[in-house]
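Report on the following structure.
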Amino acid sequence: MSFFEYIAQHPWVGVVLVLLIALTVFVWCKAIISGRKRNEERERIIADLEREKALRNEFRNVDEATFLEGKDNYRLVIGMCAHVQMKLEKADNMNEAFGELSELKKNVYSLGYVIEDSKKKLSEYFRSNGEPLLSASKAAVNDVIGGKFAELFNKEFIMLDENDETTSVDNGLLEKYDEDFETLMNKSADEIYKSAADYIRRNKAEFLSE
């Protein structure tokens with residue numbers, strides 16, 4: 001009896017074989033997709049590390065050219081944050097070293113973190129960082145940027161302040177603040193980056209005298 005004749009007499013065997021083949025194809029396809037995703041994630045991480053390395057190299061030592069008006073505002077803010085970060089990394093205790101920074105450098109460092117870590121959601125900034133950075137960021141945002149940006153920042157600061165036991169998290173309201181923040185950044189990101197970058201340019205003398 002041939003294989004096909006056997007299948008014809010026992011159709012359930014054919015059904016099982018079809019299901020096994022389908023399952024094998026499904027698992028194989030899933031493995032390919034999973035492997036592709038892992039490769040894409042690995043490539044993304046490597047690209048991020050390369051960008052970080054390039055940024056740190058560019059802003060490790062600053063000069064007049066660093067602060068030219070033609071410099072991309074966003075890159076200047078993030079780059080000068082990295083510049084301060086590299087100084088802090090040399091200290092045995094980064095929190096103590098941060099506390100000893102001038103008001104200018106605290107502001108620059110804080111603004112860089114706020115702008116970078118709030119790209120997806122403002123609330124992610126608060127959930128990704130702690131003190132003393134959060135309080136320093138509140139002062140920097142209010143002093144340097146202000147406006148609607150500071151208003152939303154202050155609202156989320158109060159709601160997500162772990163040291164404030166009088167306020168609880170209202171997830172619905174927090175989501176609204178995040179949506180309002182996203183709308184603001186979609187509309188006014190360039191102006192906000194420019195406010196922070198111009199603050200750095202006005203105070204470049206302190207960095208040039210290091």
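With the structure loaded, tell me whether Lys120 is open to solvent by 20 Å² or more (accessible area, probe 1.4 Å), modelled with pLDDT of 95 or more and within 27 Å of Gly79 (Cα to Cα) or whether it fails that test. Before the answer, list the steps.
On the way: open to solvent by 20 Å² or more (accessible area, probe 1.4 Å): yes; modelled with pLDDT of 95 or more: no; within 27 Å of Gly79 (Cα to Cα): yes.
Considered against the rule, which asks whether it is open to solvent by 20 Å² or more (accessible area, probe 1.4 Å), modelled with pLDDT of 95 or more and within 27 Å of Gly79 (Cα to Cα), Lys120 comes out as no.
Here Glu206 clears all of (1) open to solvent by 60 Å² or more (accessible area, probe 1.4 Å); (2) part of a helix (DSSP H, G or I); (3) modelled with pLDDT under 95 except the condition numbered (3).
Counting the residues of region 136-147 that are touching a Phe, Trp or Tyr at 6+ places or on another chain (Cβ under 9 Å) and either among the aliphatic types (A, V, I, L, M) or open to solvent by 60 Å² or more (accessible area, probe 1.4 Å) (or both) gives 8.
Test of understanding: among Ser195, Ser168, which residue is of a type in the set (S, T, N, Q), more than 18 Å from Gln85 (Cα to Cα) and touching a residue at least 12 places away in the same chain (Cβ under 8 Å)? If you could, list the steps in order and put the result at the bottom.
Numbers: Ser168 fails: touching a residue at least 12 places away in the same chain (Cβ under 8 Å).
Just a single option satisfies the conditions, and that option is Ser195.
The helices (runs of 4 or more DSSP H) found entirely in region 1-115 that carry 3 or more residues being at pLDDT 60 or above and in contact with a Leu (Cβ under 8 Å, 6 or more places away or on another chain) are 73-88, 94-99. Of Glu162, Glu151, all but one fail to be over 17 Å from the mean Cα position of the chain (by Cα), surrounded by fewer than 19 Cβ atoms within 10 Å (Cβ to Cβ) and not in a helix (DSSP H, G or I); the exception is Glu162.
Taken as a whole, region 83-97 holds at least one residue that is open to solvent by 60 Å² or more (accessible area, probe 1.4 Å) and of a type in the set (S, T, N, Q).
The values are calculated or read from the model by the stated rules, or taken from the named source; none is laboratory data. None of these values were measured; they are calculated from a predicted model. As a convention, Cβ positions derive from the backbone with ideal geometry for all residues, glycine included, and neighbour counts pool all protein chains shown. Only protein heavy atoms, including side chains, enter the accessible area calculation; ligands, DNA and RNA are left aside. Shrake-Rupley method; radii C 1.70, N 1.55, O 1.52, S 1.80 Å.
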